[in-house]
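Please treat every number below as a calculation from the coordinates, not as lab data. Computed from a predicted structure; not experimentally measured. Note that each Cβ is placed from the backbone with ideal geometry, even for glycine, and that neighbours are counted across all protein chains shown.
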Amino acid sequence: MFGFIKKALKKTVENIEENVEKKKKEATKEEIEELLIEADVEYDLIEKILASLPAKVNRVSLKNELLFLFSTPQLPKINAKPFVELIIGVNGAGKTTTIAKLAYLYKQRGESVILGAGDTFRAAAIEQLTRWAQRLEIPIVATKQGHDPSAVAYDTIAKAKAKEFDHAIIDTAGRLHTQSNLAEELKKIVRVCNKAMEGAPHRKLLVLDGTQGSSSINQAKVFNEMVGVDGIIVTKLDGTAKGGSLLSISHELKLPILYVGTGEGVEDLAEFNPNEYVDTILDAIFE
Ligand SMILES: Nc1nc2c(ncn2[C@@H]2O[C@H](COP(=O)(O)OP(=O)(O)OP(=O)(O)O)[C@@H](O)[C@H]2O)c(=O)[nH]1
Ligand SMILES: [Mg+2]
């Protein structure tokens, strides 16, 4: 999937390039500061990065500094069938679309997938995921609006076990009447998943809207406190110049970024590769 991150960072890179007269071998600290501000890296982190750099910065020294920010531990490999993923995040972040993209990816690999329409708060959410399931020709467990989402999660896992599916991906609501309602609901879904299958959900994946840049970090902390997050997916990177925020997100949350969304289609999901990401940003300023 090489090149997908490049596509996702197009706007971020163009924005940086507009402020760079000529690509260079060495940059000053001020130039690096400018670059990182333009890309929406949090200022506290920029100061930290600058403090550890020499007066004249070359590509290699900056690359090492930036790559270091992604040195979060890798997620342990879990051999579970079904492998259950719970997708959480605020409304509009891109959860439902990301579920379709993940399902497509697994299906391409020849693995079987079932979806659970666990966002029962809005009828439109159930319909949206059902349409994706039809398009992708994969089964879905869905109930009526207002029904208990943890029952949907339970039924999805039970069906996945009975029919020996490789993956079960469960959608959740991004907003309820209050935040404490949402927290209670998510906790209950997690408990019930574990009842349906010990160890499930195997991954709680938080979807963050990339167009919000570094300002999504606080939101991520709230979800992490609610249920504990295993990994991050950043969507809509294609539509923003704030692609540098991934540095802040990784550094602040100490959670792995697993995928990035690069568009609205099912194929528009790239496995996140820190090396390719950092190189793409550095290409905007260095030769
Ligand atoms: N350009 C672009 N658009 C995206 C991406 N991911 C999602 N979107 C769009 O963002 C909008 C919201 O996506 P949804 O998947 O409905 O978001 P959600 O988190 O499920 O929202 P709720 O169900 O309201 O909580 C849709 O119009 C998607 O097409 C992406 O990577 N790039
Ligand atoms: Mg949704």
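For the range 195-257, pairs of C-alpha atoms spaced more than 13 angstrom apart make up 61 percent of the total. The percentage of C-alpha pairs in the range 69-223 whose separation is greater than 23 Å is 33%. Spacing of the modelled spin labels on residue 28 and residue 111, each 7 Å from Cα toward Cβ, amounts to 5.0 nm.
Legend: residue pairs 101/195; 22/63; 24/221; 22/242; 11/95, Cα-Cα distance threshold 30 Å; pairs beyond threshold, 24/221. Within the listed set 152, 229, 57, the residue fluctuating most in the Gaussian network model of the chain (springs between alpha-carbon atoms under 10 angstrom) is 57. Dipole magnitude for the chain: computed about the Cα centre from +1 point charges on Lys and Arg Cβ and -1 point charges on Asp and Glu Cβ, it is near 980 debye. By the compact-protein rule of thumb, 2.2 N^0.38 Å, the alpha-carbon radius of gyration of the range 167-215 corresponds to a ratio of 1.34. Projecting the Cα atoms of 274, 284, 52 onto the dipole axis of the chain, where Lys and Arg carry +1 and Asp and Glu carry -1 at the beta carbon, places 274 farthest toward the positive end. Within the chain, the longest run free of trypsin sites (Lys or Arg not before Pro) that sit in a DSSP loop with at most 13 other Cβ atoms within 10 Å is 164-253. Taken as Cα centroids, the range 177-240 and the range 82-116 sit 14 Å apart, rounded to the nearest whole angstrom. Rounded to whole numbers, the Karplus 3J(HN,Hα) couplings from phi for the range 98-113 are 5, 4, 4, 5, 5, 4, 4, 4, 5, 5, 4, 7, x, 9, 8, 9 Hz, using 6.51 cos²θ - 1.76 cosθ + 1.60 with θ = phi - 60°, and x at Gly and Pro. On a per residue basis, the convex hull of the C-alpha atoms belonging to the chain measures out at 118 Å³. Axis of helix 59-68 versus longest Cα principal axis of the chain: the two differ by about 30°, to the nearest ten degrees.
Using the Cα coordinates of the range 99-138, the gyration tensor eigenvalues translate into equivalent-ellipsoid semi-axes of 20, 9, 7 Å, sorted from longest to shortest.
Ordering 206, 157, 241 by Cα displacement along the dipole of the range 155-287 toward the positive end leaves 157 in first place; charges were set at the Cβ atoms of Lys, Arg (+1) and Asp, Glu (-1). Per residue, the chain reaches -14000 deg cm²/dmol at 222 nm when only DSSP H runs of four or more residues are counted, each adding -39500 (n - 2.57). Computed over all pairs of different Cα atoms, the Kirkwood value for the hydrodynamic radius of the range 1-67 is 12.8 Å.
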